[in-house]
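A quick write-up on the structure given underneath.
The values are calculated or read from the model by the stated rules, or taken from the named source; none is laboratory data. No experiment lies behind these values; they were computed from the predicted model shown. Backbone-built Cβ (ideal geometry, glycine too); neighbour counts: all protein chains shown.
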Amino acid sequence: MHSVLFPRHPVIRALTLSTMASALAKGVFYTVSALYFTRVAGLSATMVGLGLTVAGGAGVAGSFLTGRLCDVFGAGRVLLVSSGGVAVALLLYPAARTPPVFTVIACAAVGLQAAQSTARTTVMAVAFPGPDRVAVRARIRVVVNVFIGLGSVLAGAALLIGTAPAYTTAVVAVGLLNAVSCVPLWLLRDIGSRPREDVAPLPEGGSPLRDPRYLLVTALNGVMAMHFGLTSVGIPLWVAARTQAPTVVVSVLLVLNTVLVALLQVRVSRGTDDIPTAARAVGTAGLLLALACALYAAAALAGPAVAVLVLVLGAVAHAFAEMRGEAGSWGLAFELADPRRPGAYQGVSQTGYALGGMLAPLVVTATAIRHGSLGWALLAVLFVAAGGLTMLVTASARRPVAIVEETAG
C-alpha cells in the first residue's frame, strides 16, 4: 500500500497526489451534498434530482468532447485546466439558491469532472506503455477508494454539528481541496502535447466514430458500468424495503467494498493489459455480477441474520466483479485504441461510463426494485450478455503496432 500511495515515478506521483486531494473532496461532497442542498440551500429533493439528471447529460458531453481537446492541446494541459474548472464550479455551489442557478452550476461541475476523467485517462494512455497503463490506473483507483472513504469520515464532523455554517464550510472545503489537486498537475502539463508519429493508425482511419468494434465495446462497457448503480441506489433501497436485514448493513457493505478494492485491485488487475485476457476478465465479471444479483435477491427470502450473511456474500462477489470488470475494460479501452488518437478514443470510452452512470438509477429501480426477484434475474441476464458479447466482439481484435522500430540505445 505504501508504494501505491507514495510512488517514485514522477508522473504516477503527480497523478496520485492530485487524486488524493480530489478524492478526499469527493468523499466530503458525497456525504454532505444532499443535506446541504435541501437543508441549507433550500432546494427540494425533486429539484436536486432533476438538476443532477440534466447535469448527467453535461457529463456525457464533457467526456466525449474532451477527448478531441486532448489530442489538439495535450492531455496534461486539458487535465490541469479541467481540474481548475472543477474547483471553481464547486466553490460556486454556495451561490446555488434557486433551481436554475443550481442546475447551471451542477452542469458545469459534472461536465468538467467528466472532462477531468477523460484527460486523466488520456495522460495514462500517452505516458505509459501497454503493460503499465492498466497497473497505473488500478493504483489510482485504489487511491480514489481510500481517500473517498477518508473524506466521508471527515465529513462526519459536519453531520455531527448539523448547522448551516458547518455544511457550508464542508462544501467550500470541497472546492478548496480540488484547487489543491491542481498543484501537482503542473508537472504534467506537457504530456500529450505532441502527436505520436511512430505508430500506424487503425484501418478505420484513426477515428473512434469510424471504429465499430470500439464503439460496440464501449456500449457494452456502459452496460457493465451500470452495476455501480446497484451500490449507490439498488442495494440501499432493496435492503430497506425488501429485506429483514437492519438498514445499517448498507454502510457495512460499502465499507467492505472499499476495503476489498483498496487491498486487491492492483493484484486483480494483473495480466489484463492484452486484449484476450482483458475480454475474459469482463466476461468473468458478468458471471460474478449475475451471482451477486442472485444473492441480493435471495436476501429477501431469509430472516435478519441469514439475510445479512447472504448480502455480505453478494457484496463480495460484487466487489470481485467490479475489480475484474474494471481492469478488463481498462485494458480494452487502451489496447483497442489507435495510439495516435489517444484523446479521441479515451473520450469515447469515458462516454460509455458516463452513459452507464446516467442510466443506472433508472434501470436498477425499474428492474430489481420494482419487480423484485424477476428484476434481479433480468439484471443478471443483462450483465452476463454484456460480458459474453464483449468476448465475442474482441475475439479477432489485435492491438495496433509501431511502424518504426526503436533502435538500440
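Applying the selection to segment 164-179, what residues are within 18 Å of A96 (Cα to Cα) and either in contact with a Leu (Cβ under 9 Å, 6 or more places away or on another chain) or not in a helix (DSSP H, G or I) (or both)? Let's see the steps before the verdict.
Applying the first criterion (within 18 Å of A96 (Cα to Cα)) to segment 164-179 yields 164-176.
Listed by number, the residues that qualify are A166, Y167, A170, V171, V172, A173, V174, G175, L176.
What residue, of R77, R8, is free of Cβ contacts under 8 Å to residues at least 12 places away in the same chain, over 26 Å from S232 (Cα atoms) and not aliphatic (A, V, I, L, M)? Full working, then the answer.
Numbers: R77 fails: free of Cβ contacts under 8 Å to residues at least 12 places away in the same chain.
It is R8.
Can you spot a residue in segment 307-323 that is within 14 Å of the chain's Cα centre (by Cα), crowded, with 24+ Cβ neighbours inside 10 Å, modelled with pLDDT of 90 or more and over 20 Å from V248 (Cα atoms)?
yes
Only helices (runs of 4 or more DSSP H) wholly contained in segment 272-370 count here; list those with 2 or more residues that are charged (D, E, K, R) and outside the structural domain of I140 (by TED's automatic domain parsing). Lay out the reasoning, then the answer.
Details: elements: 275-298, 304-335, 342-364.
Those helices (runs of 4 or more DSSP H) span 304-335.
What number goes with the only condition from (1) charged (D, E, K, R); (2) without any contact (Cβ under 8 Å) to a residue 60 or more places away in the chain; (3) assigned to a helix (DSSP H, G or I) that D71 does not pass?
Every condition holds for D71 apart from (2).
State whether one or more residues within segment 96-113 are over 25 Å from L50 (Cβ atoms) and either outside any helix (DSSP H, G or I) or out of contact with any Pro (no Cβ under 9 Å at 6 or more places or on another chain) (or both). Step through it out loud before you land on a result.
Step one: list which residues in segment 96-113 are over 25 Å from L50 (Cβ atoms), which gives none.
No: zero hits.
Test V54 against the stated conditions and say whether it is in contact with a Leu (Cβ under 7 Å, 6 or more places away or on another chain), in the same structural domain as R141 (by TED's automatic domain parsing) and either within 22 Å of F147 (Cβ to Cβ) or in a helix (DSSP H, G or I) (or both). Can you show your working first?
Details: in contact with a Leu (Cβ under 7 Å, 6 or more places away or on another chain): no; in the same structural domain as R141 (by TED's automatic domain parsing): yes; either within 22 Å of F147 (Cβ to Cβ) or in a helix (DSSP H, G or I) (or both): yes.
So V54 does not fit the description; no.
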